Amino acid sequence: MAVVNDSILFNPNISFKNHVSAAPILPRGFSCNIGRKFNFKYCNLRTKAQVAEVQVKTLHDLRLGFDVVSEEELREKGFLGMRKTKMVCTIGPACCSEEDLEKLALGGMNVARLNMCHNTREWHRDVVRKIKRLNDEKGFCVSVMIDTEGSQIHVVDHRAPSSVKAEEDSVWLFTAKKFEGSRPFTVQANYAGFSEGIEVGDELVIDGGMATFEVIEKVGNDLRCKCTDPGLFLPRAKFSFWRNGKLVERNYGLPTLSKKDWDDIEFGIAEGVDFIAMSFVCDADSVRHLKEYLSAKSSKFIRVLAKIENLESLQKLEEIVKASDGIMVARGDLGVEIPLEQIPTVQEDITHVCRQLNKPVIVASQLLESMVEYPTPTRAEVADVSEAVRQYADALMLSGESAIGPYGQKAISVLRMTSSRMELWSREENQQSALHPRQLAVSLPDRIAEQICNCAVEMANNLGVDAIFVYTKHGHMASLLSRNRPYPPIFAFTNDDSTRMALNLQWGVIPLLVDLSDDMEDNIAKTIDLIKKKGMMKYGDAVLVVSDLTPAHVTSTAFQSIQVKTII
Ligand SMILES: Nc1ncnc2c1ncn2[C@@H]1O[C@H](COP(=O)(O)OP(=O)(O)OP(=O)(O)O)[C@@H](O)[C@H]1O
Ligand SMILES: CC(=O)C(=O)O
Ligand SMILES: [K+]
Ligand SMILES: [Mg+2]
């Protein structure tokens, strides 16, 4: 074995290139990956084989490295100052260049969302590849999510490029028949059966209240409607029907995933995306079906997020949460099916259920809607973002703000600053211990893991440790810790890339890809040592270490532990 002194190897101040003979072993992308150069000058390398060994060891050790954004944040703000709430950005024409994607990544984007409703598959492929390239070459850690189109039956379009006003008492024709260009007082529904079961006298509501109509006549499948509450038709407006103050629920018998969605899913598998967000989920079966399909067809573990955006999914919330790998509160479409004033409480209920059932939850849509047009948010929008953070949502999502707005980077910085502020307040006000976690586990080993995580977080908070370290294969322990929303950040060391990318969505978790050995003590020593040598921990700092990986020397029993390590 070549004699490699780690402290020299990882000394960031000395240039690798000082040592000419070692230069050829620089792995591709080495210096970009980590953003610094390494020195082999003092390494006692004699033979080619030794050089090769060092190369392997270097690569392995390298993988203990942080993503560049977390590393920078830790250096700048210290452990407690690290942001806990994750950020998802929808990628669209306004932010799809490599340069713009990099700016969003630097701004703290954890997950990039691609809405398959829009644009071509080639366009999406290009974006996915750019993101992966940024990760590989510049050391970011941005996960990729595709969001299915679903059978979106309740969309109408007036076919004009911008919005059109509906005046009081004006009469409009809603038709599924296609027509070119725009026609006065005519809007086109995207689904032929849109008027099935609808009666004269029913109310037609646009975009959750943007405008309201009364159905005054049914002509074949077309509806003639009179505007009772004037307002705007936006392009691709969403609509719903109401009778006696209640939503007219209609079952069109359409599958949650259309033929196009399945093609998009194949695309997601081929491109190795990390998450598939399933639109208009109605039951747990469809989620389970997709998960089974993915585990058979994809070599990578792709996580399935169920979007709660209609009444049916709300009625079956718990079973859907249990079946999925995470949830999105899709307030855009949800606001079409439930009265707007119910959105805040429904959001709080969903985030609470997700945390109890230990599934990550994203709060989405219109968080900073005015920033699609203006460079500054409204006070009310900032309050809405703060409320989602106060509820301990795992992640916040930008839609049009990043996809089409000119102020995407500003919007992400508003999310970042607002969440950091609210997280600090919650900590100072001691809000974090408020959850009384429901016991989830059934088997004894699982119950032990759950209890260990609950107690570990209580200990970490009471002791005021700087960080929690957890060593995890599939991310389960890390998410159980996250569920308790600890004060210090959770560094989750995993040797599984898909686990790392999935943990990106979880509150307070900083996922790191490492090569875990069978020897747990060695893993712990190695990781602490490295972080210390990177100058990120100093004398007196304390970490609480949680592990459930059985060390090599223990053969007959599982070994789960909490240890507190103080840097000496
Ligand atoms: N890939 C894209 N190409 C072009 N425009 C896009 C793209 N992605 C998003 N947009 C634009 O950004 C707006 C907001 O995006 P988003 O995907 O969040 O829409 P949404 O209607 O809220 O989502 P959903 O259709 O899933 O309910 C869209 O209305 C669309 O105009
Ligand atoms: C995000 C989404 O699909 C919605 O809000 O409807
Ligand atoms: K969608
Ligand atoms: Mg939606």
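The values are calculated or read from the model by the stated rules, or taken from the named source; none is laboratory data. Source: prediction; values computed, not measured. Backbone-built Cβ (ideal geometry, glycine too); neighbour counts: all protein chains shown.
Residues in segment 191-238 that are free of Cβ contacts under 8 Å to residues at least 40 places away in the same chain and surrounded by 14 or more Cβ atoms within 10 Å (Cβ to Cβ): 7 in all. If the condition is being more than 16 Å from ligand 4 (Cβ to nearest atom), of a type outside the set (Ser, Thr, Tyr), within 17 Å of residue 372 (Cβ to Cβ) and in a helix (DSSP H, G or I), then segment 401-449 contributes 408, 409, 410, 411, 412, 414, 415. Only residues that are within 16 Å of ligand 4 (Cβ to nearest atom) and under 26 Å from residue 439 (Cβ atoms) were counted across segment 329-360, and they come to 4.
Look at residue 240 and say whether it is polar (S, T, N, Q) and within 25 Å of residue 400 (Cβ to Cβ). Considered against the rule, which asks whether it is polar (S, T, N, Q) and within 25 Å of residue 400 (Cβ to Cβ), residue 240 comes out as yes. So which residues in segment 248-286 are over 14 Å from residue 151 (Cβ atoms) and within 16 Å of ligand 2 (Cβ to nearest atom)? Answer for segment 248-286, where residues must be over 14 Å from residue 151 (Cβ atoms) and within 16 Å of ligand 2 (Cβ to nearest atom): 275, 276, 277. Here segment 111-143 is the region considered, the condition is being more than 16 Å from ligand 2 (Cβ to nearest atom) and among the β-branched types (Val, Ile, Thr), and the residue that is surrounded by the most Cβ atoms within 10 Å (Cβ to Cβ) is 131.
So in segment 310-326, with the set limited to residues that are acidic (Asp, Glu) and over 15 Å from residue 256 (Cα atoms), which one is surrounded by the most Cβ atoms within 10 Å (Cβ to Cβ)? Spell out how you get there, then give the answer.
Start the filter on segment 310-326 by keeping residues that are acidic (Asp, Glu), which leaves 312, 318-319, 325.
Narrowing further to those that are over 15 Å from residue 256 (Cα atoms): 318-319, 325.
On the way: 318: 11, 319: 15, 325: 20.
So, considering only residues that are acidic (Asp, Glu) and over 15 Å from residue 256 (Cα atoms), the one surrounded by the most Cβ atoms within 10 Å (Cβ to Cβ) is 325.
Just checking, does segment 543-554 include any residue being surrounded by 16 or more Cβ atoms within 10 Å (Cβ to Cβ), modelled with pLDDT of 80 or more and assigned to a loop (DSSP other than H, G, I, E, B)?
Looking only at segment 543-554, we keep the residues that are surrounded by 16 or more Cβ atoms within 10 Å (Cβ to Cβ), and these are 543-549, 551.
From the residues that got through so far, the ones that are modelled with pLDDT of 80 or more too are 543-547.
In the following step, the residues that additionally are assigned to a loop (DSSP other than H, G, I, E, B) were identified as none.
No, that holds for no residue.
Residue 188 satisfies every condition listed in (1) under 20 Å from residue 242 (Cβ atoms); (2) not in a loop (DSSP other than H, G, I, E, B) except (1). Of everything in segment 81-110 that's within 14 Å of ligand 3 (Cβ to nearest atom) and part of a strand (DSSP E or B), which residue is surrounded by the fewest Cβ atoms within 10 Å (Cβ to Cβ)? Selected residue: 90. In segment 194-209, is there at least one residue being modelled with pLDDT of 95 or more, among the aromatic types (Phe, Trp, Tyr) and in contact with a strand residue (DSSP E or B) (Cβ under 8 Å, 6 or more places away or on another chain)? Checked against the condition, which is being modelled with pLDDT of 95 or more, among the aromatic types (Phe, Trp, Tyr) and in contact with a strand residue (DSSP E or B) (Cβ under 8 Å, 6 or more places away or on another chain), segment 194-209 yields no hits at all.
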